[in-house]
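S.K.: Please read through the structure below; I'll follow up with questions.
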Amino acid sequence: MTRLKAMGFATAVAVAFGVGSAWVGTRAPASGALAAAALPPAERRAVADIGFQDERGRAHRLSEFRGRVVLLNLWATWCPPCRKEMPSLDRLQSMLGGPDFEVVAVAVDRGGVEAVKRFYREIGIRFLRAWADPAESAGSRLGTIAVPTTLLVDRRGREVGRSIGPAQWDGPEALAKIRAAIGEPASEGARRG
């Protein structure tokens, strides 16, 4: 088994048993949500241009968000850890959402957008848009092994890092990483003055 597969398997087991989540953005994963540093721009890879539906069933693609930093969360309405972290994603969207940043929480759920809208009503989600992937293809295209999995995507559509398992997205550690990504220049090699 390759080292990367072994790390992924260990992370999946840890998440399944409630040990916690890991932010994978460096060569070695760290324990705890968002504990490791983000990938430097030169080491980032393009994120697959996944497709999903909005609350009206219209097709969208991740590439439509280029130019903005995206926190892409793959989750399911039937997943208890996903349900637990959703309020923090909603608060994050209310705090930072706008022209430079958006939380895109895509339910990989056969129930589609209707299941997402029902769930949002049940727990009082007010700021997140309802996105769904009823074909459940996004996870395989992104190489995920469990839900929830969250990717921080830069303005150019490249992965900054990912978290496997639930996290407190409106906490100080997560906010610092996301704000840093929002503050990065859009062009590679450009420096902030």
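S.K.: For residues that are within 15 Å of PRO134 (Cα to Cα), touching a residue at least 60 places away in the same chain (Cβ under 8 Å) and among the aliphatic types (A, V, I, L, M), tally how many sit in region 38-89.
M.R.: Total meeting the criteria: 3.
S.K.: Which numbered condition trips up GLN53, out of (1) polar (S, T, N, Q); (2) touching a Leu at 6+ places or on another chain (Cβ under 9 Å); (3) surrounded by 20 or more Cβ atoms within 10 Å (Cβ to Cβ)?
M.R.: Here GLN53 clears every test but (2).
S.K.: Kindly establish whether GLU55 is of a type in the set (Asp, Glu), touching a Phe, Trp or Tyr at 6+ places or on another chain (Cβ under 9 Å) and either at pLDDT 90 or above or part of a loop (DSSP other than H, G, I, E, B) (or both).
M.R.: yes
S.K.: Residues in region 98-128 that are surrounded by 14 or more Cβ atoms within 10 Å (Cβ to Cβ) and either within 14 Å of the chain's Cα centre (by Cα) or assigned to a helix (DSSP H, G or I) (or both): how many?
M.R.: Residues that pass the stated criteria total 17.
Okay, residues lined up against (1) out of contact with any helix residue (DSSP H, G or I) (no Cβ under 7 Å at 6 or more places or on another chain); (2) aromatic (Phe, Trp, Tyr); (3) at pLDDT 95 or above; (4) farther than 29 Å from GLY111 by Cβ:
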| residue | (1), (2), (3), (4) |
| --- | --- |
| PRO148 | no, no, yes, no |
| VAL153 | yes, no, yes, no |
| ARG179 | yes, no, yes, yes |
| GLY193 | yes, no, no, yes |
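Residue-by-condition table, conditions (1) crowded, with 22+ Cβ neighbours inside 10 Å; (2) assigned to a loop (DSSP other than H, G, I, E, B); (3) at positive phi; (4) in contact with an Asp or Glu (Cβ under 7 Å, 6 or more places away or on another chain):
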{"site": "ARG141", "(1), (2), (3), (4)": "no, no, no, no"}
{"site": "ILE145", "(1), (2), (3), (4)": "no, yes, no, no"}
{"site": "LEU152", "(1), (2), (3), (4)": "yes, no, no, no"}
{"site": "VAL160", "(1), (2), (3), (4)": "yes, no, no, yes"}
{"site": "PRO166", "(1), (2), (3), (4)": "yes, yes, no, yes"}
{"site": "ILE182", "(1), (2), (3), (4)": "no, no, no, yes"}
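S.K.: Within the group TRP75, TRP131, which residue is of a type outside the set (Asp, Glu) and in contact with a Ser or Thr (Cβ under 9 Å, 6 or more places away or on another chain)?
M.R.: TRP75
S.K.: Something else: Residues being without any contact (Cβ under 8 Å) to a residue 60 or more places away in the chain, farther than 18 Å from TRP78 by Cα and in contact with a helix residue (DSSP H, G or I) (Cβ under 6 Å, 6 or more places away or on another chain): count how many of those fall in region 94-127.
M.R.: Counting residues in region 94-127 that are without any contact (Cβ under 8 Å) to a residue 60 or more places away in the chain, farther than 18 Å from TRP78 by Cα and in contact with a helix residue (DSSP H, G or I) (Cβ under 6 Å, 6 or more places away or on another chain) gives 1.
The values are calculated or read from the model by the stated rules, or taken from the named source; none is laboratory data. In this text, all values refer to a predicted model and were calculated from it rather than measured experimentally. Cβ coordinates were reconstructed from backbone atoms using ideal geometry, including for glycine residues, and neighbour counts include every protein chain displayed.
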